[in-house]
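First up is the structure itself, then whatever we jot down about it.
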Amino acid sequence: MMDRTFVMVKPDGVQRGIIGEVVSRFEAKGLKLIAARFEVLSEKRVNEQYTEHLEKPFFPSLKKYIMGGPCFLMVWEGRNVVSIVRTVIGATNPQEAAPGTIRGDFGIDIGRNVIHASDSPDSAEREIAIHFKSHELFSYTRIDEPVIYEY
Ligand code: UDP
Ligand code: MG
């Protein structure tokens, strides 16, 4: 089975109208969208999603930010997708993110960095399970797969 990762356009990204731009960048890269949902996250799922940050000083403002509007949640599939997506979104702080990355192109403040993506295969598996049931993950073939991958 191909690798999978969890990606989420945060409320500022939704409000700035860049869902389409984000999806386009991953599609153009050759990755496959296998699940998507639009919703305001519950406090319970924000706490689960950011469990490693619960005690951090920035957590209250992070929670308020993430729950401040609808998010666009996705699961993407592809070979080495976790590290590819982290590269495409750029550094956590948009001021340090390289131009051409999503955060580098669209953000300024670390607390408004427009997008989330899992940082390791283990966290990807954990985060996908927080937000999606297995029947919400779809399996299909992209017709360009034979020319995207070296078999
Ligand atoms: N964050 C913040 N201030 C900080 C560090 C992080 O507001 O000093 C927020 C930011 O939205 C970031 C999220 O907390 O995306 C999770 O932090 P992490 O270090 O896991 O960064 P990421 O994995 O999102 O790049
Ligand atoms: Mg993280």
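Taken over region 132-142, the criterion of being part of a loop (DSSP other than H, G, I, E, B) and open to solvent by 30 Å² or more (accessible area, probe 1.4 Å) is satisfied by Lys133, Leu137, Phe138, Ser139, Tyr140, Thr141, Arg142.
A quick yes/no check of all residues on (1) loosely packed, with under 14 Cβ neighbours inside 10 Å; (2) modelled with pLDDT of 95 or more; (3) more than 16 Å from the chain's Cα centre (by Cα):
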position: Asn113; (1), (2), (3): no, yes, no
position: Ala124; (1), (2), (3): no, yes, no
position: Ile130; (1), (2), (3): no, yes, no
position: Asp144; (1), (2), (3): yes, yes, yes
position: Glu150; (1), (2), (3): yes, no, yes
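Of the residues in region 61-76, not one is out of contact with any helix residue (DSSP H, G or I) (no Cβ under 7 Å at 6 or more places or on another chain), farther than 30 Å from Arg142 by Cβ and within 10 Å of ligand 1 (Cβ to nearest atom). Every condition in (1) buried (at least 19 other Cβ atoms within 10 Å of the Cβ); (2) outside any helix (DSSP H, G or I); (3) among the aliphatic types (A, V, I, L, M) is met by Ala98 except one, and the failing one is (1).
Matching residues to (1) more than 16 Å from ligand 2 (Cβ to nearest atom); (2) crowded, with 20+ Cβ neighbours inside 10 Å:
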site: Glu43; (1), (2): yes, no
site: Cys71; (1), (2): no, yes
site: Gly78; (1), (2): yes, yes
site: Ile110; (1), (2): no, no
site: Ala117; (1), (2): no, yes
site: Pro121; (1), (2): no, no
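Among the residues of region 86-117, those identified as small (Gly, Ala, Ser) and more than 8 Å from ligand 1 (Cβ to nearest atom) are Gly90, Ala97, Ala98, Gly100, Gly104, Gly107. Taking Pro57, is it in contact with an Asp or Glu (Cβ under 8 Å, 6 or more places away or on another chain), modelled with pLDDT of 95 or more and either in a loop (DSSP other than H, G, I, E, B) or of a type in the set (Asp, Glu) (or both)? Taking the combined requirement at face value, the residue does not satisfy it. For region 52-69, a tally of residues being within 16 Å of ligand 2 (Cβ to nearest atom), more than 17 Å from Ile130 (Cβ to Cβ) and of a type in the set (Lys, Arg) returns 1. Just checking, does region 27-34 include any residue being under 23 Å from Asp109 (Cβ atoms) and open to solvent by 50 Å² or more (accessible area, probe 1.4 Å)? Checked region 27-34: no residue is under 23 Å from Asp109 (Cβ atoms) and open to solvent by 50 Å² or more (accessible area, probe 1.4 Å). Residues in region 107-139 that are farther than 18 Å from His53 by Cα and without any contact (Cβ under 8 Å) to a residue 12 or more places away in the chain: Ala129, Lys133, Ser134, His135.
The values are calculated or read from the model by the stated rules, or taken from the named source; none is laboratory data. Every value quoted in this text rests on a predicted model; they were computed, and no experiment measured them. Neighbour counts are summed over all protein chains in view; Cβ atoms, including those assigned to glycine, are modelled from backbone coordinates with ideal geometry. Calculation scope for accessible area: heavy atoms of the full protein, side chains included, ligands and nucleic acids excluded. Shrake-Rupley method; radii C 1.70, N 1.55, O 1.52, S 1.80 Å.
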